[in-house]
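Bear in mind these aren't lab numbers, they're just calculated from the coordinates by the rules spelled out. Worth saying up front: this structure is predicted, and the values here are computed from it rather than measured. Positions of Cβ are generated from backbone atoms using ideal geometry, with glycine treated the same way; all protein chains shown enter the neighbour counts.
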Amino acid sequence: MHDIVISWLANLPSLAVPYALASLGLIIGERSGVLSLGAEGLMLVGALAGVAAYLSFGGYPLLALVAAMIAGAVVSVLFAVLVVLLRVNQVIAGLALVFFCQGLTNLIGTVANWSNRTISGLHDLPLYPLSELPVVGRLLFTHDLIVYLTIPIFIAVSYFLNRTNAGLRLRSIGENPEAADAAGLNIYLYRFAAVIGGSALVGLAGGYLSVGSAKIWIAGMTSGRGWIAVALVIFARWHPWRALAGALLFGGIEALIPQVAAAGVRVPQYFMLMTPYLATLAVMVWQGIRGRIGSDEPTALGQPYVREERT
Amino acid sequence: MAPALELSGITKFFGDFLALDAAHLSVDYGEVHALLGENGAGKSSLMNVAAGLYSPDSGSIKVAGAPCRFSGPRESMQRGIGMIHQNFKLVKRFTIAENVLLANPRGSFRAGKAAIEREIREKAAALGFNLEPARRIDRLSIAEQQRVEIIKALVAGAGILILDEPTAVLTEGEAQRLLAMVRDIAQAGAAVILVTHKLRDVKAFAHRVTIMRGGKTVTTLDPARATADDLTTLMVGSNVVTPSRSTKSVGENRLTVTALASATVEGLTPLVDATFSVRSGEIYGIAGVGGNGQTELADALVGGRQPSAGTIAIKEPGSPTLAEITTATPRQRRDHGIASVPADRQSFGLATSLSIVDNFAVGFIHDGRFGTAARIDRGSMRRATEAAVREFEVQGVRSLWQRAGLLSGGNAQKLILAREFSRVPSIIVAHSPTRGLDVRACAAVHGRLVAARDAGAAVVLISEDLDEVLGISDRIGVMTRGRIVAEFDAPADRHAVGRAMVDHV
Amino acid sequence: MPAWKQAVAVAGSIATGMLISAVILIVSGVPASDLVNEFAMNVFDRQSFQAVLVQAAPLILVGIAASIGFRARFWNLGLEGQMVWGGIAATAVSIYHIGPDALRLPLMALFAMLAGMAWVAIPAFLRMRFAVNEIISTLLLNYVATYFLYDLLYGPWKDASDAYPHSPLYASAERLPDLGHGVNAALPLALVFVLIVWWFAEFSRSGFYLKFIYANPAMGQLVGVPIIPVVWTAVLMSGALAALGGFVVPSGIAGRLTEGFFAGYGFSGVLIAFLARNNAATAAVVAVLIAMLFVTGQSFQIFYQIPFAMVQMIQAIIVMCVAASEFFIRHRIRLQR
């Protein structure tokens, strides 16, 4: 029993990372007022790009992850052009992006023969001598680089949003683009930057999934994590640290599934696999019960901005 | 010295609509220059051109004698033009300092915030009031928010200040204080443009006034040398007859509202305790500055939101008993004979993407008037709409099947009245029914309300325009901070009503 | 802009989308000449055209399912999950031999529709009561439904006669019959429902109310439109129709319940509704075009090892092109001045 708990907690962080990074990336974009439903697709792009770079350029995991970030950012330019410049309905554009990425990654993965090839990927980085401590050593100091970097990334993004001029401007665009426009800010520029920058993080989340966790690319491997990240952002009320808490929760659920089987508990396999999705629904219901009093949703979320609108 | 701002020959189209027709304006430093005109005359559009928000199709702009071209608000701000809009361009969740900092960066974030806070305090003190820079905008009153907008412009170094209908949202006392402050700012050397339709303010505070009508500039003159009637004629172009109050007899109580309360919506004063009743054959006007619970009251009356306490009871003609409708749905209220004329026409009065026929027919289709549940009868819908459009004089209808959104403000309102009043309602709730309409359309709407009243309806008129309320109401209730604090019978003393609006602050 | 010009713009953007997709396919190794051949074959070759008609029936059903849901502003992305439950319910009738042979097919259809309504009622209820966004909830429930399916197909319903995860074959009374000339009974069945949905939207009072629910629900509420009953009706119809599609595929095409029978229909339904502007009659026509795309995709999979997911990619590209073109339609007016 003791071992199972430790095993569970030790696996938790690396399963939480994709949720954490993806929702953080979404938060950046949504704080500028752009509703992004494309996370599921961008994660797939990052996952494929990571494996592709790993297999094509000599097997450097960090290079692969950077490639994943770049791929996520590049594909998101398409989305940004559609919703910021051409003012396409953000729900439709987000959905189209997901299905486009699903199809495209499936196609490219098969044609370029990157599918179903295991890689050694990203290795753990034990922090000697701390990693030698009993229990704690395994839980906190024996993880890979990205897990260690996650909290600094969160700190950096949080600082950026709340304690810099640029972050202030970004948030103002998400709250009241008319006020931001009247203050002389370039709405298009900030929204583009927020979407593309945020998507780089989403791509990284996907890349970590393939290069760090599963160490393989399989078509559709994100299995809805992107949608869960979208729900997480709402649950986190657009605050980075709450998103991290949510990510830990979902990482915990995902880490629990193999442990339950190991503990000898006999639950039908497929019902166990349903738990993350049902948990997400439960979280959303709970949000709904608590109501939206004091809602922190960026006021202008989801609405394209155009200056010369006359009623 | 060259004029501070000179706009010449400005023309602006919005699609087919000509908003500005070779308009011109010249304002000097050190003066308060009023821009006078009725709704739709083009005043706000012209100022939006000066502020860089609209780009003119033709014409020129000169600031301090130097020609300029603005491709955005930033350039206009850099030339020293600061505009305070009717709907404030403030981020509600940010503090005063953050809002001012947004357009006026001062180095790094932390240092900048401290510097800005100092500047805000200095400038506010120089004008004679206090502003605590760390307060959030959504915790400030409307008058305070307006002062933030002015400070924002001054911190940015504005030499030309444009105020768009600034007194529309203020009590009489707050308005006087604002206009006095504005005069001081002009005296210190700035050029101040006051966009307004209020003659009293123009005569009391402006050095010069330019009058606009139908997108054109009519003339510029010294308001001290013109009478109010002269100014009105220049604004409107001809005489318009307003309906007179009749001395019809008043019937029984139709609507009784008792201790009605409603929860907060985003910082607006909630409805705290509204108690009043309205009889058949009378117009009960609710006067008050916007933001004192009027919207919540209107919503509670028509069923748009549930009140948190209190009751609404009605007595239908011919029915011996009172019916309590506090929690009734809008559908049920309509069945009881209540008609609603909402303040926000485009959002709540019409479905702008649907046809005129649809927008009219939806008011009746539930009663089985246009076919059955299995099959609607478009032919009878069209005929009924045609008759209603004729009777209520809705203009601009090229085809009954055109989108309702193509109708102008006044005609859209007439269509809404056609739908609501054709049912001969026994109770009418009209919220700011003439907002944004020109004088002719206003008169038409008032005529309809009076006619409905004469036919026996009990009319609740909620309006932020004191002139409107005083003009057609038979009884007046004053609403402040969510309560009806005073009631007057017509004809009411304007000053007494105005005092009631502030005494309970 | 006049309707015919809009139609031209949409057709033009679809053509652009197909061109972009063609480029991607060529880059992926499909010879350009073969692309044209394959696509033309579907229209002119008799056998291929029959395959298209067979494929059209379930696509028509998910297309009108999506469109009636969207008309009520209910973004039903759970079409695949509803199909799954439709298939499960119909298969249950087969496995448990419910009802006499003559009534088998109608019972299967009925059970399928009821299952679909029940499954869509969950996100509908969550939205009405707890304001849970149905875009996410319906998508998540798709995964849940899929796992239910796997549990059955790998478990109690697995056909013991071979190693594949599929149900035993349906009896002949449980298969939708072929009606000659290669047309399966599923097609007229689908067209009947097209008529029903079209009538509902265009001529019934509820359909009139739906126009307001879509255009301006707040105003509709104030004017007395009975929003909740009408939305529930539309949403339940949506779930039932998608589930009917889930009955038609096993019963009309495969002859048994299989692992991935619903693949690709979800987004196809959304695309069809989007291109048809939620109009049921137009959706039927668009569905036939998408069926051609499906059949092409299937043959590419067989002959060129291009995964079937390319169909999804092409559909997404078309959606993006059409959505982008609306910007240019709206703004041509200003450029002309």
Can you give me the Cα centroid spacing of region C:6-30 and region B:49-93 in angstrom?
-> 44
For peptide A:168-176, how many partner chain Cβ atoms fall within 10 Å of a residue's Cβ, on average?
-> 5
Take chain A, connect every pair of alpha-carbon atoms lying under 10 Å apart with a spring to form a Gaussian network, then pick out the residue of A:Leu201, A:Leu139, A:Leu149 with the largest mean-square fluctuation.
-> A:Leu149
If you place +1 on the Cβ of every Lys and Arg and -1 on the Cβ of every Asp and Glu, how big does the dipole about the Cα centre of region A:2-290 come out, in debye to the nearest 20?
-> 280
First obtain the Kirkwood hydrodynamic radius of region B:398-505 from its Cα pairs, then insert it into the Stokes-Einstein equation at 10 °C and 1.306 mPa s, and state the resulting D in µm² per second as a whole number.
-> 104
What is the fewest-to-most order of C:His181, C:His331 by other Cβ atoms lying within 10 Å of their Cβ?
-> C:His181, C:His331
3J(HN,Hα) from dihedral phi, region A:127-137, Karplus parametrisation 6.51/-1.76/1.60, rounded to Hz, x for glycine, proline = 8, 5, x, 4, 6, 7, 4, x, 6, 4, x
Of all DSSP beta bridges in the protein assembly as shown, what percent run antiparallel (nearest 5)?
-> 55
Expected integer from the mean partner chain Cβ neighbour count at 10 Å over C:74-82 is 1
Specify whether the C-alpha gyration tensor of region C:257-337 places it in the rounded, prolate or oblate class, a ≥ b ≥ c being the square roots of the eigenvalues: rounded for a/c under 1.5, otherwise prolate if a/b is larger than b/c and oblate if not.
-> prolate
Just counting partner chain Cβ atoms within 10 Å, what average do the residues of peptide A:271-278 show around their Cβ?
-> 5
Expected sort for C:Val23, B:Val278 with the fewest Cβ neighbours (10 Å cutoff) up front is C:Val23, B:Val278
Give me the distance in nm between label points sitting 7 Å out from Cα along the Cα-to-Cβ direction at A:Asn162 and A:Leu139, one decimal.
-> 2.6
Work out, in µm²/s and without decimals, the Stokes-Einstein translational diffusion coefficient of region A:2-290 at 4 °C, 1.567 mPa s, Rh from Kirkwood over C-alpha pairs.
-> 67
The answer for B:Phe14, listing residues at least 5 apart or on another chain whose modeled amide H is closer than 5 Å to its amide H, is B:Ala19
At R0 = 45 Å the Cβ-Cβ FRET efficiency linking C:Tyr96 and C:Asp34, nearest 0.05, sits at 0.45
With -39,500 (n - 2.57) per DSSP H segment of 4 or more residues and division by the full residue count of the protein assembly as shown, the 222 nm estimate, nearest 500 deg cm²/dmol, is -18000 deg cm²/dmol
With the calculation restricted to Cα positions, what are the radius of gyration and Dmax of region B:78-200 in angstrom?
-> 13.9, 46
Table column - 3J(HN,Hα) (Hz), region B:164-179, Karplus curve with 6.51, -1.76, 1.60, x for Gly and Pro | 9, 6, x, 8, 4, 10, 10, 6, 4, x, 4, 5, 4, 4, 4, 5
Ordering of B:125-135, C:266-276, B:348-358, A:269-279 by burial proxy (mean other Cβ atoms within 10 Å per residue, highest first) | C:266-276, B:348-358, A:269-279, B:125-135
Beyond 26 Å between alpha-carbons counts as too far, so tell me which of B:Lys92/B:Lys152; B:Lys152/B:Lys216; B:Lys92/C:Lys211; B:Lys92/B:Lys123 fall in that bin.
-> B:Lys152/B:Lys216; B:Lys92/C:Lys211
For region C:134-139, what does the Karplus curve 6.51 cos²θ - 1.76 cosθ + 1.60, with θ = phi - 60°, yield as ³J(HN,Hα) per residue in whole Hz, taken in order and with x for Gly and Pro?
-> 6, 4, 6, 5, 5, 5
By average C-beta atoms within 10 angstrom, highest first, the peptides B:18-27, B:280-289, A:93-102 = A:93-102, B:280-289, B:18-27
Suppose R0 equals 35 Å; then what is the FRET efficiency for B:Arg494 and B:Asp28 from their Cβ-Cβ distance, rounded to the nearest 0.05?
-> 0.55
On the formula 1/(1 + (r/R0)^6), with r taken between the Cβ atoms of B:Arg177 and C:Arg330 and R0 of 45 Å, the FRET efficiency rounded to 0.05 is 0.50
Taking all pairs of different Cα atoms in the protein assembly as shown, averaging 1/r and flipping that mean, what Kirkwood radius in angstroms comes out?
-> 33.0
Would you mind computing, in nm to one decimal, how far apart the modelled labels at A:Tyr128 and C:Ala263 are, each placed 7 Å from Cα along Cα→Cβ?
-> 4.7
Hey, how much of the P(r) for region C:31-305 falls beyond 31 Å, as a percent of Cα pairs?
-> 27
Other-chain or far-sequence residues with amide H under 5 Å of B:His431's (modelled H) = B:Val341, B:Ala343, B:Ile462
Please give the residues of region B:199-234, grouped as numeric ranges, whose backbone N is less than 19 Å from a label point set 7 Å along the Cα-to-Cβ vector of B:Thr11.
-> B:213-218
To the nearest 20 debye, what charge dipole does the protein assembly as shown have about its Cα centre, counting +1 at the Cβ of each Lys and Arg and -1 at the Cβ of each Asp and Glu?
-> 900
With charges set only on the Cβ (+1 for Lys and Arg, -1 for Asp and Glu), what does the dipole of region B:5-236 come to about its Cα centre, in debye to the nearest 20?
-> 740
According to the square roots a ≥ b ≥ c of the eigenvalues of the Cα gyration tensor, what is the shape class of region B:1-118, taking rounded for a/c under 1.5, prolate for a/b larger than b/c otherwise, and oblate for the remainder?
-> prolate
Just rank B:Cys68, B:Cys442, fewest to most, by other beta-carbon atoms within 10 angstrom.
-> B:Cys68, B:Cys442
Debye log10 I(q)/I(0) for chain B, one point scatterer per Cα, at q = 0.08, 0.13 Å⁻¹ | -0.56, -1.33
Answer rounded, prolate or oblate for region A:175-311, using the Cα gyration tensor with square roots of eigenvalues a ≥ b ≥ c: rounded when a/c is under 1.5, else prolate when a/b is larger than b/c, else oblate.
-> prolate
